[in-house]
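Okay, structure first, notes after.
The values are calculated or read from the model by the stated rules, or taken from the named source; none is laboratory data. Just so it is clear, the model here is predicted, and its values are computed rather than measured. No Cβ is skipped: glycine too gets one built from the backbone with ideal geometry, and neighbour counts run over all protein chains shown.
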Amino acid sequence: MARGVLTGNLRKFTGGETEVELEAGNVRQLFRALGERYPNLRPHLEESLAVAIDGQIYQDAWFEPIPPDAEVHLLPQIAGG
């Protein structure tokens, strides 16, 4: 089961929880499971988030696979210039 870590202002939509364990084969499935568990978080999962899977940062990673024992961090999307 993957371990999700919520950073920044996402915590205010989960009642203060910062870590969660969920079954998810890819990022899209993870976002769906998080939205079901925390309905107030759902609208924010599609806005400007980057995902780090075991330390590798991905942007627009909807179908990026998540290994079963991965640590997944949700963080504000990184902008470059």
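Considering only residues of the range 44-54 that are under 10 Å from the mean Cα position of the chain (by Cα) and not in a loop (DSSP other than H, G, I, E, B), which is surrounded by the most Cβ atoms within 10 Å (Cβ to Cβ)?
Step by step, filter the range 44-54, then rank; the result is 51.
If residue 58 satisfies all but one of (1) in a strand (DSSP E or B); (2) in contact with a Phe, Trp or Tyr (Cβ under 9 Å, 6 or more places away or on another chain), what's the number of the condition it fails?
For residue 58, the failing item is (2).
If residue 69 satisfies all but one of (1) part of a loop (DSSP other than H, G, I, E, B); (2) farther than 16 Å from residue 2 by Cα, what's the number of the condition it fails?
Just one mismatch for residue 69, condition (2).
Part of a helix (DSSP H, G or I) and more than 10 Å from the chain's Cα centre (by Cα): is that true of residue 9 in this structure?
So residue 9 fits the description; yes.
Is it true that residue 50 is of a type outside the set (Val, Ile, Thr), under 22 Å from residue 9 (Cβ atoms) and modelled with pLDDT under 90?
yes
Please specify each residue of the range 14-43 satisfying the condition of being part of a helix (DSSP H, G or I) and in contact with a helix residue (DSSP H, G or I) (Cβ under 6 Å, 6 or more places away or on another chain).
Across the range 14-43, the qualifying residues are 35, 42.
Pull up the range 1-43, narrow it to residues that are over 13 Å from residue 72 (Cα atoms) and in contact (Cβ under 8 Å) with a residue 60 or more places away in the chain, then point me to the one that is surrounded by the most Cβ atoms within 10 Å (Cβ to Cβ).
Looking at the filtered set, the residue picked out is 10.
Among the residues of the range 69-81, count how many are in contact with a strand residue (DSSP E or B) (Cβ under 9 Å, 6 or more places away or on another chain) and at pLDDT below 90.
Total satisfying the criteria: 4.
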